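Worksheet for the structure shown next.
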Amino acid sequence: MKAKLLALVTLIASPVFADSLSLDLNNDALRLNYSHGFAKNYTADFAWVHVKDLGNTFTGGINLTQKLSNDLDAIIGGKAVFQQHDVLEDGTAVAVGGGLRFTPPANRKVSIAGSLYFAPNVLSFGDMKNYQEFELRGEYAFSDQLTGYAGYRNNQADYDKRKNVDLYDGLMVGGEFHF
């Protein structure tokens, strides 16, 4: 009984679980991302990407965010990647990387963000030989609770049997809900 009471008190006393939930898509792909700030400047990030006729990618990682100036933020971190492929073998990787977000002082509702993560052969396992993830997007904050964005994403991997396999490649549009 004491354990149940302690668990209930812990849940009630905890902060809000989700900091943001984003969803983006294009004609062939859907991405759902959940991000939770768990300590000052640290976030845990979990994503699922489904690409039609190709498969699913699952990622989970931790990032550190630093404010470089009033207009520029940087993130650095890593993520575990699992690729369930419909045609090729499945693969896993541990990718490291980061990104930048620029918000011009003239309009604080607009931002440009980019990120790059990479897993060389030594951090790629199974039949995956390396993994890279690139994203560039423009953002507009409609409110404190909703940011819309559009951009380009490319996730690519090399496998034993094929090189330069695009796991996600194309334009996307989406929204991020902040809690």
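Pairs to check: 67/109; 40/67; 129/161; 129/163; 40/109. Give those whose C-alpha atoms are more than 19 Å from each other in this structure.
Too far apart for the 19 Å limit: 40/109.
Choose one of 119, 49, 100: the residue whose Cα lies farthest towards the positive end of the charge dipole of region 2-178 (beta-carbon charges +1 Lys, Arg; -1 Asp, Glu; about the Cα centre).
Among 119, 49, 100, the one farthest towards the positive end of the dipole of region 2-178 is 100.
Taking the Cβ of residue 141 as the center, what net charge do the other residues with Cβ under 11 Å away carry, scoring Lys and Arg +1 and Asp and Glu -1?
-1
Go from 0 up to the bin containing the longest alpha carbon distance in region 2-178, width 5 Å each, and give me the % of pairs per bin.
It works out to 2, 8, 14, 19, 19, 14, 10, 7, 5, 2, 0, 0, in whole percents.
Need the C-alpha centroid separation for region 67-144 versus region 20-57, integer Å.
11
List the extent of the Cα atoms of region 35-135 along each of their three principal axes, largest first, rounded to whole Å.
Result for region 35-135: principal-axis Cα extents of 48, 26, 23 Å.
May I ask you to list the residues of region 120-153 whose amide nitrogen lies under 19 Å from a point 7 Å from Cα along the Cα→beta-carbon direction of residue 71?
So the set is 137-141.
Just so you know, all these numbers are worked out from the coordinates, no wet-lab data involved. Please read these numbers as outputs of a predicted model, since none were measured by experiment. Neighbour counts run over all protein chains shown; Cβ positions are idealised from the backbone, glycine included.
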